[in-house]
Amino acid sequence: MSNSAVALNNYLIVGGLLFTLGLVGFLSRRNLIVMFLCAEMMLQGVSVTLVGFSGYHSTWSGQIFAVFSLAVAAAEAAVAMALIVVLFHRGDSLDVSLWQDLHEPDQPTLVDEQIVDEPVPEPQWPHLAVAGPLPTHPQPLTATHRQLDSTEVGRG
Amino acid sequence: MVNALICLIPLCPLIACLTTAVLGARVLRERSHWPTIAGCGLAAACSLALLVCVARSPEPHRYTATLYQWVKIDTVEAGAAGMAALPDEGDRPQSSVSYKSGPDLEISIALRADSLAATMLAMLTFVSTCVAVYSAGYMHGERGYWRFFAFVSLFVFSMIMLVLSANFLQLYMFWEAVGLCSYLLIGFWYEKPAAVAASKKAFLVNRIGDFGFAIGVFLIWTTFGTLTFDAVLSPQRIAQMNPGLITLICLCLFTGAIGKSAQFPLHVWLPDAMEGPTPVSALIHAATMVTAGVYMVARCTPLFRAAPDAQVFVAFIGGFTALLAALIALTQYDLKRVLAYSTVSQLGYMFLGLGAGSSLGTSGAMFHLVTHAFFKALLFLGAGSVMHAMGGVIDMREFGGLRRIMPQTFKTFLIGSLALAGLPPLSGFWSKDTILSAAWEAGHAETHLAATNAIEAAPAMQGAQTRANVAAESEQTATKIRLFGAEHATIYRLLFWMGSFTALLTAFYTFRAFFLTFYGPEKIPHEAGHHAHESPSVMCMPLWVLSIGAAFLGLALGHLTGFFDGYLEMTLPGEGLHHATNWFVVGLSTVVVFAGIGAAWFMYHEPNDLPARVVALAGPLARLSLNKFYLDQVFFFMFVLPLRAASQLSRFFDWFVIDGMGVGGVSRLPAWLFGKSARPMQNGMVQFYALSMTLATAVLLAALLWRQG
Amino acid sequence: MHPHEILMAALGQCLAAFTGEMHAGLAPLFAWAGGAGLGGDPGLRDRLLGVVLNRDVFGYIVRTFLILLPAGLGVYLMLPRGLPSKQPQYRRVGAALAAFSLVLICVWPVSEKISGGAPRTVLWLLSGWGGSAEFYLLGIVSLASAVLTITSRNPVYSALWFSLVLLANAGLYLIQHAEFLAAATAIVYAGAILVTFLFVLMLAQPQGAASYDRVSREPFLACLTGLLLAGVLLGTIHYSTSVEAIPNAAKQSVRPTAALARTQMTTARETSALVDYAQPHVANLGKSLFQEHFVSIEIVGVLLLAAVVGAMLIAGHTSESPR
């Protein structure tokens, strides 16, 4: 077994694993963007394989193919991002489960298991040192955002 | 040289058709008639030249121009390959003759011109040219002007090819092609429901005949192993075949002729075909296409000569149709329909002549074909001229006394009517007289005519044994010659009298129509408006040209000079003896003509109550005639109604059994069996689809590797 | 010999021994399964055993499958499954399993039958430096980042991990002398595409961890599918490079020169120029692209343009009311 063959082997293994991992991600994740990332990862796996073959055969074909797949991936990303933005505007969510309208008419819609919402952690604002005395306003300041910030600061 | 001429004849209308079809709608528009007129005129000139060429040609009097080989199938030589592969064995006969399972099929598209075809061509192209010129006036301003001329050119081309066919398959092909053109032209005004129904009817009724024709062609191939006219139509070869088979072939071919030439019982389409434009009626449904059947039977004369039974059948159908159609024509009020029934009747005459079984009859039939083409085209075009002036009205009760308004049409129509009635010096007299003479002779000749025919054919065959066989067979046939229990001669005698009576009726109904149209008080339908006038000269000129033919053709070519008989004999050799004029027949038909015209004069030249009294006297007979012997109704109940019932039955069978249980059942079965379990898979979730796809891919790959490893 | 080579060799030997033992230990299990399940018919059992263990390709696949099993389990454990994010021990266990599997892959033994000579050939490490230390480093980074990409709860983290995958891959391309591709991957992918992703994420991501980011769909089935696919793919690769003589697998330790490759290669496209490493690469690649694949390049350019126009068209109408 020659070195070039081993090198090819290695690239094929890395490419295959990247492809498989992308696939697993695509199948299991529900975020549209993450799914798309995973699809890109599958493409990367293929590109790695192609480059490995290119080096093994000492020809340009593999690399050229990879260049093309890169270009196609870029085009795909552009369209997919636009689609995702539109979908998000429609469904107000990136959940892929929202888009299952194309099922058999009398089949029930797949409902995901509901989990308890994790409480959104309180934003941890930095504690700034008070750089001066509080202004002495007659009323407490609660009206605007800007003033809200200043109250926080003031409380800190 | 001559071959080039022959090729040029169909080429001209074909080019005209293509030009009109391609350029008509956009470029030519109102000038669309020029290609057709030019093409037909050129073809007519070539045909006249061909007429002369054929007359001067050497012995077989025939030219054949093969265009290309259409079909060439070498029958697989069964056994040849197998025997070659086997080692030689002592007891196996070492012959180079292979076992052929049948003859080779070899069909060429060829143009074959002999005197019969040349005659037909000359008539066809000449009449076409006249009709094309006439149409330029008649169809002026119609929508689809170019379409009309494209179809007409196509028809002329197809008809020329039909006439010039060199084999039965080509004949059949163009037989269908002219049928198609007829269909297209009858339905030219396709917005008119009656026209559409008529075109459909014509097409379907013709199918019945064509089916018989096709069977006949198949039978010819299985019997003779070839389809070329040269090979099939040789009397020596026919004499070798089984006479029963020949009779069957003849009957099948005649079925085709019955359909195309509108003989009883398939004549019902022709009167309805008058829904098409009048030039079409003149060209296709009077002069040319409907005579294709006559032409075909004349072409197959050697076959029919060898089948006396079939011949009698042809004559009987012809005579019967002639009488029937004439009876119907007596009471019709539609001018074009009178002419249509007259056409059917005259075609019946032609078949009567063809069936008479003598060269006199055949040449008489062909001559009648030619003269009829002229005077019937003339009459139709005259009727079209009347219709043109009357604003599309064709019912004779609606108009009358037109002779002063339309003098040209009146004169030419008179000539045509006289020719159709058969007044002595005009052309119709000569041809009709020849046919009646032939029928008379067939009725008074010895009964062994067919036998002598067969024995005459025999000398060409080698060996006395065969000859004796044929003679013996002929004797048998002669004793068997009976149809409907009557001897042939009796039938021919009956047919002669039927034909003579028909001549009387013909004269009567022709002049009935003539007087109703042109005599009596002047009456113009309101559709015509105030501008009822003579047709333009572009329409009148063809009328005059045709009327010259209708008047003098018989005198010039007919029995008096014997020119036509002699010309036709180059192709259809007859008994060789020149027939003496049968003065009895001549006298009878002359008397009959005058009687018919006179009766019509008394009854119709001015309005009186004579027709009504006659109708009252005839009672049910008149009603029978008026309703066309209820044949349409009979056919409706005999064929259409059962067919409709059968189609309804098939429809329900198709719905409930084939679709419902067969196709539908098969397609519902898996849905019913697996649908429940498979439907949840279609859940609309893209990840689920991807999962099943990749899982299946992985499992499949593993399975493949397992199998391979 | 470099010190790290010796280290790797030693590690490889140990692990090779371990995996060999594993095969040996599993064999009786198969034997028992075959015998018990099929009524103790020795002929059938032997045949089954032969099928499972000794049939060439499938034996390899089964072994590959076993090697990848921990990784599959680890990924399964690491995938978000709706548990509170404060309990990350599942993730840790999963990560450990995946790492173990990765190490197994690195020290994957080739059967003695194939290796023939001393030292025992181990696929990645000990094959006389078919690869390089850089390769192992980059490969491991790439795979590990990939695992983290698909298992991160926060999509922003996913995107960042994916950028690491891309950078590692760019390194891998560099090793194979694909400089242009490496640069393009780094710039176009990691630079442009990923930034677009992040923009969209910023636009679309709700506050906090969304529920759909915290629950995976069918993680077990997905991992099983991946495991099967990876087993089949890698097993076949393993088999084909171990057993089947590769056409130009001559016993040279040098990379085949262009001329040599030209004579030996039967699979290369004749029209395609062979890589001459003496020449500047990007220039040659460009020549090849714009001479042999000129039409394709133009078409791809048009495709990109169309995609951009399409994207603007699609995303331009976002004023529709949410449903």
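The values are calculated or read from the model by the stated rules, or taken from the named source; none is laboratory data. All of these numbers come straight from a predicted model, not from anything done at the bench. Positions of Cβ are generated from backbone atoms using ideal geometry, with glycine treated the same way; all protein chains shown enter the neighbour counts.
General observations
- Hey, residue B:173 surrounded by fewer than 24 Cβ atoms within 10 Å (Cβ to Cβ), at pLDDT 90 or above and within 18 Å of the chain's Cα centre (by Cα) or not: yes
- When B:118, B:113, B:166 are checked against the criterion of being within 15 Å of residue B:63 (Cβ to Cβ), touching an Asp or Glu at 6+ places or on another chain (Cβ under 9 Å), surrounded by 24 or more Cβ atoms within 10 Å (Cβ to Cβ) and aliphatic (A, V, I, L, M), B:166 stands alone in meeting it.
- If the condition is being more than 14 Å from chain A (Cβ to nearest Cβ) and not β-branched (Val, Ile, Thr), then segment B:664-693 contributes B:664, B:665, B:667, B:668, B:669, B:670, B:672, B:673.
- Hits in segment C:196-211 (condition: modelled with pLDDT of 80 or more and within 7 Å of chain A (Cβ to nearest Cβ)): C:196, C:197, C:200, C:201
- Out of A:92, A:106, A:101, one residue alone is at positive phi and either more than 7 Å from every other protein chain (Cβ to nearest Cβ) or surrounded by fewer than 19 Cβ atoms within 10 Å (Cβ to Cβ) (or both). It is A:92.
- Where helices (runs of 4 or more DSSP H) fall wholly inside segment B:1-108, the ranges with 3 or more residues that are out of contact with any Leu (no Cβ under 9 Å at 6 or more places or on another chain), more than 29 Å from residue B:172 (Cβ to Cβ) and modelled with pLDDT of 75 or more are B:33-56.
- Qualifying residue in segment A:19-33 (condition: surrounded by 24 or more Cβ atoms within 10 Å (Cβ to Cβ), at the interface with chain C (Cβ under 7 Å from one of its Cβ atoms) and in contact with a His (Cβ under 9 Å, 6 or more places away or on another chain)): no
- Those residues of segment B:109-126 which are closer than 19 Å to residue B:8 by Cβ, among the aliphatic types (A, V, I, L, M) and in a helix (DSSP H, G or I), in sequence order: B:117, B:118, B:120, B:121, B:122, B:123, B:124
- Any hit, segment C:161-181, residues being facing another protein chain (nearest Cβ under 8 Å), buried (at least 19 other Cβ atoms within 10 Å of the Cβ), more than 17 Å from residue C:194 (Cα to Cα) and of a type in the set (Ser, Thr, Tyr): yes
- In segment B:387-432, of all residues being basic (Lys, Arg) and under 31 Å from the mean Cα position of the chain (by Cα), the one that is nearest to residue B:367 (Cα to Cα) corresponds to B:432.
- Of the candidates C:186, C:192, the single residue that is more than 28 Å from residue C:104 (Cα to Cα) and facing chain A (nearest Cβ under 9 Å) is C:192.
- Within segment B:325-344, residues that are acidic (Asp, Glu) have Cβ atoms under 8 Å from residues that are assigned to a helix (DSSP H, G or I) in these pairs: B:334/B:274, counting only partners at least 6 apart in sequence or on another chain.
- Where helices (runs of 4 or more DSSP H) fall wholly inside segment B:226-285, the ranges with 1 or more residues that are surrounded by 24 or more Cβ atoms within 10 Å (Cβ to Cβ) and among the hydrophobic types (A, V, I, L, M, F, W, C) are B:235-240, B:243-260, B:269-272, B:278-282.
- Residue match in segment B:305-326 (condition: buried (at least 24 other Cβ atoms within 10 Å of the Cβ) and within 30 Å of residue B:405 (Cβ to Cβ)): yes
- Of all residues in segment C:212-230 being within 7 Å of chain A (Cβ to nearest Cβ) and among the hydrophobic types (A, V, I, L, M, F, W, C), the one that is farthest from the chain's Cα centre (by Cα): C:215
- Residues (farther than 30 Å from residue A:82 by Cα, surrounded by fewer than 19 Cβ atoms within 10 Å (Cβ to Cβ) and at pLDDT below 85) located in segment C:212-241: C:240
- Residue that is farthest from residue C:202 (Cα to Cα) [pool: residues in segment A:34-48 that are among the β-branched types (Val, Ile, Thr) and facing chain C (nearest Cβ under 8 Å)]: A:48
- In segment B:46-67, the residues that are farther than 17 Å from residue B:571 by Cα and out of contact with any helix residue (DSSP H, G or I) (no Cβ under 8 Å at 6 or more places or on another chain): B:66
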